[in-house]
Amino acid sequence: RLYLQSQCDLDGEVIENYDTIELYNNEDGDGNKYIQFAPLCVEVEFYGHLIAGDSFATNQDTLEVAILNPENQVAEYYNARTALEDMTNLDAVKIEYRKVTARSANLGWTPAIGTDNQVINFKQQEEVEGILRAYWDISRLPDFEYEVRLKSECMEGSLAVPAKLRQYYSEPIVGLIDKTAPKVFGFPQPTINLYPGDPLTVEFDEDLECEQPFLARAAIEVTDLLNSFDSYSNALSPDLLLVCSGNQLVIQFGDSALNSLPWRTYDQLLGHGYTLTLENVQDNAGNVIETYTFESNFVCTPPELTLMAVHPAGEGRHYLPDEPIIFEVTFKNNLYDESWARTYMELGLDLTTNTGDLRVEVNGASLAEPQQYILEGGESVTTELAVMRGPGSLMHFSPLTLYVRSTCASDTVYPFPDMPTVRLWNQIVDGAGAIAFTPPCPSVHWSLELDQKKYVLSKEALEHSDSAVAVSV
């Protein structure tokens, strides 16, 4: 109430001549007048596990979202203790989301749908001490990273009032919706010829949950041995060391693995195969892979190889152009007959010596690519090799060179410096060994005149003839 009054002093006489007026902007049904300020649209906040870290992740079909009503807090002084449902200016409190992307088209913010297939409105939810909860149906959302925010809508969205009176947006939070388990990308490296002391790396198609202690479990079983090794049986000193980082698992034998081997040395594993098993590998949303297995081999001990070739038919055997020349090739691993002496090797043809485009086969398979073999210590193999003439009219060719080499090392480079070789030839031509085919005896036929006519000599003419009858071809 305002008043207007004279301040003139007339010998202390009280002047009652003044005027008053009431100031108010609202009046209730009982005629009570009062001044009321328009409240801001309520500034709601996320609450609970969604903001426990820098971001959230889920692999479920529904997501519980909890929010905080700052106007209904028990322990705060001067708090109005007003529930959302009692706020006359508030129309709705919604969840909005959008993909985190700058590459594909972003269609803006979308209101979240509840399990009742309706847009979530927290004003309609039960409020307990300023906390409200709703369940967001994310079953139809694709796996992706999303921004999520809260939106308060007030004053029916009237554009006649300032923006702070008609709406409020919370700070967005980032969350990952991922309902697909990770998958192994490619093959573990190295794919073959693992040295027992080197790391074996397995890469996945997404980042893994790599908080220590690691959840992933790895095991390796070695063929022909009773030993198995794992990363989880002994937490203090595991047989296998496992490191998880980003989208990779790295597995390596630890020092305690040697205690399981009779010789206390990795040499006992050389040349053997192994099976890697991975379990409980999870991504950041908690999706777990199915048990993954991978079979390969350890690098083998480089063999001591010998190579021999013979031509069983001997030098006097002639071959027509369409006949294969047969050789017997024998190669041997001269290491001792021990489990560590198993070796991997290949028999191949030095293609630079095949100048005549001959076709070379071993056991019916082309030797254009080397043939693979596994030899135990002291084991030898004899195989049959056929050489066939290619197109053209040539009958004599330079000798062919065969080789055997170890494939124990994954970085073996052709030509192997100390690989045994042998030259193939079946005849001496011009004083040197050669691959030689023999042309057939030329075909003959009657001359043109004799081929088209018949000549008949009677018995009487032959009996009375003093000379023989000559026929020329």
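So the values come out like this:
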item: Residue match in the stretch 125-133 (condition: assigned to a strand (DSSP E or B) and exposed (fewer than 14 other Cβ atoms within 10 Å of the Cβ)); result: yes
item: Among (1) over 30 Å from Leu208 (Cα atoms); (2) at pLDDT below 95, the one test that Phe298 misses; result: (1)
item: Selection from the stretch 134-170 of residues that are part of a strand (DSSP E or B) and open to solvent by 50 Å² or more (accessible area, probe 1.4 Å); result: Tyr135, Phe144, Glu145, Gln167, Tyr168, Tyr169
item: Tally of residues being more than 36 Å from the chain's Cα centre (by Cα), within 30 Å of Glu338 (Cβ to Cβ) and not in a loop (DSSP other than H, G, I, E, B) across the stretch 348-384; result: 6
item: Strands (runs of 3 or more DSSP E) wholly inside the stretch 20-122 containing at least 2 residues that are among the aliphatic types (A, V, I, L, M), within 22 Å of Glu171 (Cα to Cα) and in contact (Cβ under 8 Å) with a residue 40 or more places away in the chain; result: 62-68, 90-99
item: Selection from the stretch 221-241 of residues that are touching a Pro at 6+ places or on another chain (Cβ under 8 Å) and either basic (Lys, Arg) or not in a loop (DSSP other than H, G, I, E, B) (or both); result: Asp230
item: In the stretch 280-313, residue farthest from Thr383 (Cα to Cα) [restricted to those that are surrounded by fewer than 18 Cβ atoms within 10 Å (Cβ to Cβ) and of a type in the set (Asp, Glu)]; result: Glu290
item: Total residues in the stretch 314-339, condition open to solvent by 60 Å² or more (accessible area, probe 1.4 Å), more than 18 Å from Val422 (Cα to Cα) and under 41 Å from the mean Cα position of the chain (by Cα); result: 3
item: Test: residue in the stretch 185-198 that is assigned to a strand (DSSP E or B), open to solvent by 50 Å² or more (accessible area, probe 1.4 Å) and either without any contact (Cβ under 8 Å) to a residue 40 or more places away in the chain or in contact with a Leu (Cβ under 8 Å, 6 or more places away or on another chain) (or both); result: yes
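The values are calculated or read from the model by the stated rules, or taken from the named source; none is laboratory data. Every value quoted in this text rests on a predicted model; they were computed, and no experiment measured them. Note that each Cβ is placed from the backbone with ideal geometry, even for glycine, and that neighbours are counted across all protein chains shown. Just the protein is used for accessible areas: all its heavy atoms, side chains included, with ligands, DNA and RNA removed. Shrake-Rupley method; radii C 1.70, N 1.55, O 1.52, S 1.80 Å.
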